[in-house]
Amino acid sequence: MKRVTALAAAVLVLALTACGTSENVTPQANSSATAQPVSVTDARNKKIDLKAPAVKVVGLEWGVVESLITLGVMPVGVADTKGYKAWVSAEKLDDSVKDVGTRGESSVDAIVALNPDLIITTTDESPSAIAQMEKAAPVLVVRGADAKNPIPQMKAIVELIGQAVGKTDQARTVLADFDKKLAEGKQKIAAAGKAGTPYTMSDGYKQGSTISIRMYTSGSLLGAVANELGMKNAWTGAGDKDYGLASTDIEGLTKLKDGEFLYIANDTDGGDVFGADLAKNAIWKNLPFVKSGNVHRLADGIWMFGGPKSTEQFIDATVQAVTS
């Protein structure tokens, strides 16, 4: 712990979905009755009782923050507002939103100063950090992702947050819109004769002279969505149990055959290792999908671990890349 007001927590955010849920939600009689008490059960199987739906909410993970805004609740505090604005374009933060520190190392003092009704974080947060936060306000802990059920888990988060902030009707509408977008994307892929097309979804980072490549397996949110669009994930290796991510290097890509190579980069944070650092690399240049011109940098600002709106951005970008 760097200082007594800092929260020590895991930095890993493996960071940014049909029916099913990993958290139990206690239904409310009427989501429009905003003065009514709210009771939800979070990912710790802990019951969170609120006197009324939360209005002043602090969000410590970007996917949570995005979903809050989608449901019509602008958080009063967010971990790493600068990073959010760089990586998440689906839902904008108001200038009034206060920065409460970094993800995984938020300031208790900054959170307390906002006098929130509720703090929402994920199971990536350390239990000790959560215990400190609970001295300031009720804490709702959601499971950030589930590689066994990536799309249902994304939906479960939206549903649970909707209950906590009295926006159950909005949550249902948002998820119905997502399902519609996914179905429309699948139809466009099929109409273009691209159903069954092999693809790889990735991002990459450079540390010194070392380039690390992160693969989005079928257990990742984006991998699961691409599969639902009717495509076939060419990366068959397993990922981690939560976010469905696997690590490889440039040599690891040589096992891939031709197909669509999709990736997300950020010029302000990490750069574009595929379009810049590897552009003159002999191994990269001789990969089948590179030689055939099937490498697609998707639009900036698509958060890979987000809620419905970021995921809808991914659907639009993927359909455009594959069918153009």
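The values are calculated or read from the model by the stated rules, or taken from the named source; none is laboratory data. What you see is a predicted model; the values in this text were computed from it and never measured. Quick reminder, even Gly has a Cβ in these numbers, built from the backbone with ideal geometry, and neighbours come from all protein chains shown.
Here are some notes:
- Residue in region 282-317 that is nearest to the chain's Cα centre (by Cα), counting only those that are under 20 Å from GLN207 (Cβ atoms) and surrounded by 15 or more Cβ atoms within 10 Å (Cβ to Cβ): MET304
- One residue stands out among those in region 31-79 that are part of a helix (DSSP H, G or I) and out of contact with any Leu (no Cβ under 8 Å at 6 or more places or on another chain): the one that is farthest from LYS167 (Cα to Cα), which is VAL64.
- Which listed residue is part of a loop (DSSP other than H, G, I, E, B), closer than 23 Å to THR122 by Cα and assigned by TED's automatic domain parsing to the domain that holds MET201, from ASP242, ASP300, ASP258: ASP242
- Residue that is surrounded by the most Cβ atoms within 10 Å (Cβ to Cβ), among those in region 101-122 that are assigned to a loop (DSSP other than H, G, I, E, B) and at pLDDT below 95: ARG103
- Only a single item in (1) assigned by TED's automatic domain parsing to the domain that holds MET74; (2) farther than 30 Å from GLN36 by Cβ is not met by ALA191, and it is number (1).
- Screening GLN187, GLN170, GLN207, GLN132 for residues that are touching a Leu at 6+ places or on another chain (Cβ under 7 Å) and surrounded by fewer than 19 Cβ atoms within 10 Å (Cβ to Cβ) leaves exactly one candidate, GLN170.
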